[in-house]
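S.K.: Just passing along the structure, written as structure tokens.
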Amino acid sequence: MSEEITNTPAVEPAPAATAARPERPGRAFGKKRFESRRKVCKVCAEKIDNVDYKNFQFVKSFTMESGKILSRRITGTCAKHQRQITKAIKRDRNLAILPYSLPKK
Ligand SMILES: [Zn+2]
């Protein structure tokens, strides 16, 4: 009877498996999983107080390849400058400097 009881734990592989498992790096508390870079307003960074529609190369950098205006969420521009950029892009579209839309490739 006693032999049977001693044999059963030796067969179990469970303690070895838990010891072999390394620490899960993602689950550690108080640590960030990835370093998120702070988005900075491009207009503020270049110290431009008013976005000019004539500076279309700069304004164009806030549009997608298809011609859509990129959102603030993506570019990180501040609300004030996003308003100026949208106005400038729409102005440039009307002047045929920037496209309203381009076909998808
Ligand atoms: Zn700004």
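The values are calculated or read from the model by the stated rules, or taken from the named source; none is laboratory data. Small disclaimer: the values here were computed from a predicted structure and weren't measured. Cβ: placed from backbone, ideal geometry, glycine included. Neighbour counts: every protein chain shown.
S.K.: Tally time: how many residues in segment 26-63 are in a helix (DSSP H, G or I), exposed (fewer than 12 other Cβ atoms within 10 Å of the Cβ) and either within 9 Å of the ligand (Cβ to nearest atom) or at pLDDT 75 or above (or both)?
M.R.: 2
S.K.: Then there is this: Find all pairs meeting these conditions: Cβ atoms under 6 angstrom apart; at least six residues apart or on different chains; first residue within segment 85-97 and over 19 Å from D49 (Cα atoms); second residue in a helix (DSSP H, G or I) and not small (G, A, S).
M.R.: Close Cβ pairs (under 6 Å, with a partner that is in a helix (DSSP H, G or I) and not small (G, A, S)) amount to I97/F56.
S.K.: Kindly indicate the residue of segment 64-76 that is of a type in the set (A, V, I, L, M, F, W, C) and in a loop (DSSP other than H, G, I, E, B) and also nearest to A96 (Cα to Cα) among those meeting that condition.
M.R.: Across segment 64-76, the extreme among qualifying residues is M64.
S.K.: From S61, S66, which residue is among the hydroxyl-bearing types (S, T, Y) and in contact (Cβ under 8 Å) with a residue 24 or more places away in the chain?
M.R.: Of S61, S66, the one residue that is among the hydroxyl-bearing types (S, T, Y) and in contact (Cβ under 8 Å) with a residue 24 or more places away in the chain is S66.
S.K.: Across segment 77-91, what is the total count of residues that are in a helix (DSSP H, G or I) and within 16 Å of the chain's Cα centre (by Cα)?
M.R.: Selection size over segment 77-91: 0.
S.K.: Which condition number does K68 fail, the rest of (1) touching a strand residue (DSSP E or B) at 6+ places or on another chain (Cβ under 9 Å); (2) away from the ligand (no atom under 12 Å from the Cβ) being met?
M.R.: It fails just one condition, (1).
S.K.: Assuming I89 fulfils every condition listed in (1) surrounded by 13 or more Cβ atoms within 10 Å (Cβ to Cβ); (2) at pLDDT below 95; (3) aliphatic (A, V, I, L, M) apart from one, which condition is it?
M.R.: (2)
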